[in-house]
Amino acid sequence: MSSDTLAGSAPPADPEQPRDAALSPTLVIVGAGPRGTGLLERIAANAPELYGDSGLDIHLVDPYPPGGGRIWREEQSPLLWMNSQAQDVTMFTDETVAMAGPVRPGPTLHEWADIDGRVFSDRRRLGAYLNWVYEDTLAALPPGIRVQHHVGRALRVDGPREGRQQVWLEGRARPLVADLVVLTLGHLDAELDDEQSELAAYARANGLVHLPPDFTADSDLSALRPGEPVLVRGFGLAFVDLMVLLTEGRGGRYEEDGEGELVYRPSGREPVLYVGSRRGVPYHSKIGYDWTGERPPLPRFFGPGEVDALLARPDGFDFRRDVWPLVEKELGFAHYHRLFTVHPERTGGAWTDFEEKYAAADRAEREVLIASAVPDPADRLDLGALDRPLEGVSHPSYEALQEGLRGYIRDDLTRRHDPSCSPDLAVFLGLLSVYGQLVRLGDIGSWWHGFFSYLASGPPGPRLRQMLALSRAGFLDFLGADTTVTAEDGVFRASGASVPGASVEARALVEARLPEPTLERARDTLLRELYNDGAGVTPEGLLAVDAGDGRLLDRDGRPHPRRFALGPHTEARGSGAFTRPRTGGPAFRQNDATARAALTFLGALDVRRRGAEDREYGEYGEYGEDRDAEHLDDGDAEHRDERVAGRVSVRDAQPVADHGTAA
């Protein structure tokens, strides 16, 4: 365990600091990646209003560097890209974010890096941007707020509901004592579920290779040997990373053939990948053109009013029955608004007439209306067909399936780069709007998150071109839809619905997806301890939190007054830590609410504590190490000792640049 002491815009603290600084409240933030950095940014923005110039000590706990954290750290392969254009990434709020705190503007990734906004940046550059955001945030903190980064892991949080909390760190004998704790943990490792445990045991018994769900950049891929077949379950972004690391990462390269196609030149070190999934197709390509003209006026059929009504239902709600019809209508509205206003020649009437009838129609009536007003079925939005594109499609052989899937990918690339198909981009905007509303509903199950990612968060177009090149070169084969894997006869065997009766055998299986962020199976000790101590858990196994400010809920639904949580391990997991500019940024809204709640609590605590200490100072004179413990708040004796050590550490730090940082 080591710690880096950092002061915001404050000078390094000193052991002889005035007694009011020695009494400063303490906040511990576990997780210093983009979410923790975003929370810190909101603290910097809101502190002048809610906290003034009082002292506050913030301890960040994370084994990885602040800013990027584990996933977006700078130390990873330069071959791994973001799946967003640089112009679509920001860590700063704007006026579209529905929050009580002030906007603190800042650059997008492409503005900060001075690169083309259409570039899909490598992740190392994003890590550098996030590190800069962190340092910029430190510089923006009021002088009384001091920040210290502890390089290590938090193991558990103890403490009474109404008293100070103790945060125990790996390799440290004494805990950090905190007035408030906020968990901003990112994607975490998990213990294997029953299926994965059985597959792992089978692999060990038969000398096979089994790689369970994991963050691909951290996986040891050395066991996947050149030329050997590898079964892969999962066709999303984790698969794209796997594909890159096992091809370009092993020395292969791509060349243009002069006719618009990529050709893969192998190194001879590549395995042969056989990939399948439930849908059997890769996530849709990122859209390759810019928005022009009028945006659809969203939200229209799924906004705050509809969410309020759902939350007010005494018997709760069901996603498929109560929420999905509203989402479906909202996405359809975005699609047809764009079609009628920008491509009217492909419609059979005026938008105003269509909109009026669309608003009043139920689902069956909308289908009749759309069929009469939109002549070409290719111009109609069919979310069911989008979700399951291979439903009912079968091929006589794997060779025929390869041709069929290559055609599907080519068609997707063409459509997603064709401005005449711009209703697709309107649906994308609708998805963003819907996501911002769904966050308020809490844990709505995993289907929606997968559907959103499949439509709106797919890979850059060049990655799909690389898939095609690898397929033509014989290093990537498609298994099709409804892929299942069995372990029998000393091998792994994959089959599916796209080629009935056929199967593929291999001695290696990779699960290309992140672990599910459930508390019960979390490998993270802190989360497991919270679960064991009675933290509330949703039906999907996520940490239950108050929708308003992120306070942890217990199993009776009571919010904890001194513990908060933000991120993918919570029921508000839907929003990423950074977002596109001017899209409302649900994560920014959550960060702001939590920061304001924390500052309000800590500010009131500071006032009460100052009053108590002033009375005590009048009675006892100088503050000595031997003052009676009965005059302290719960946990104060330990807190006092921790702070003395902290002051020495801060004093020894040397300022760096213009924000007082030190290692």
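Some observations on this one:
- In order along the stretch 444-456, phi translates into HN-Hα couplings of 10, x, 8, 4, 4, 4, x, 5, 4, 4, 4, 8, 10 Hz, rounded to whole numbers, per the Karplus curve 6.51 cos²θ - 1.76 cosθ + 1.60 with θ = phi - 60° and x for Gly and Pro.
- Note that the stretch 538-613 presents 35 Å² accessible area per residue, ligands and nucleic acids not counted, probe 1.4 Å.
- For Cα extents along the principal axes in Å, the value calculated from this model appears in (1) 82, 68, 42; (2) 133, 65, 41; (3) 89, 65, 50 under label (3).
- The distance separating the Cα centre of the stretch 577-603 from that of the stretch 233-271 comes to 39 Å.
- Inter-part distance where the stretch 51-114 and the stretch 472-523 are each reduced to a Cα centre, Å: 36 Å
- Positive dipole terminus of the chain, leading residue within THR483, GLY603, ALA44 (C-beta point charges): THR483
- Overall form of the stretch 512-592 per C-alpha gyration tensor (a/c, 1.5; a/b vs b/c): oblate
- Charge dipole of the stretch 337-478 about the Cα centre (unit charges at C-beta), most positive-ward option of GLY461, THR352, LEU425: GLY461
- Cα-centred dipole magnitude for the stretch 109-265, charges only on beta-carbon of K, R (+1) and D, E (-1), debye, nearest 20: 860 debye
- Within the chain: Cβ-based charge dipole about Cα centre, in debye rounded to nearest 20 (Lys, Arg +1; Asp, Glu -1): 940 debye
- Between the helical axis of 351-360 and the longest alpha-carbon principal axis of the chain there is an angle of about 70 degrees.
- Area of GLU367 that stays accessible when all protein chains are in place (1.4 Å probe, Å², to 10): 100 Å²
- Per residue accessible area of the stretch 372-436, 1.4 Å probe, in Å²: 44 Å²
- If the segment from VAL342 to GLU520 were pulled out straight at 0.36 nm per residue, it would be longer than the present Cα-Cα gap by 59.1 nm.
- Counted over the chain, the DSSP beta bridges are approximately 50% antiparallel.
- LEU183 long-range amide H proximity, modeled H, under 5 Å: VAL30, PHE564, ALA565, LEU566
- The C-alpha atoms of the chain define a longest principal axis, and helix 586-620 lies at about 10 degrees to it.
- Here the Karplus curve 6.51 cos²θ - 1.76 cosθ + 1.60, taken at θ = phi - 60°, turns the phi angles of the stretch 78-90 into couplings of x, 6, 8, 9, 6, 9, 10, 5, 4, 6, 9, 10, 9 Hz, with x standing for Gly and Pro.
- Between helix 194-206 and the chain: long-axis angle, C-alpha atoms, 0 to 90°, nearest 10: 70 degrees
- The chain - percent of accessible surface contributed by carbon and sulfur, probe 1.4 Å: 50 percent
- Solvent-accessible area per residue in the stretch 111-221 equals 41 Å², computed with a 1.4 angstrom probe and all protein chains kept.
- For the peptides 414-424, 142-152, 355-365, 35-45, residues were scored by their other Cβ atoms within 10 Å and the scores averaged per peptide; the highest-first order is 35-45, 142-152, 414-424, 355-365.
The values are calculated or read from the model by the stated rules, or taken from the named source; none is laboratory data. In this text the structure is predicted, and so the values were computed from the model without any measurement. Cβ coordinates were reconstructed from backbone atoms using ideal geometry, including for glycine residues, and neighbour counts include every protein chain displayed. Just the protein is used for accessible areas: all its heavy atoms, side chains included, with ligands, DNA and RNA removed. Shrake-Rupley method; radii C 1.70, N 1.55, O 1.52, S 1.80 Å.
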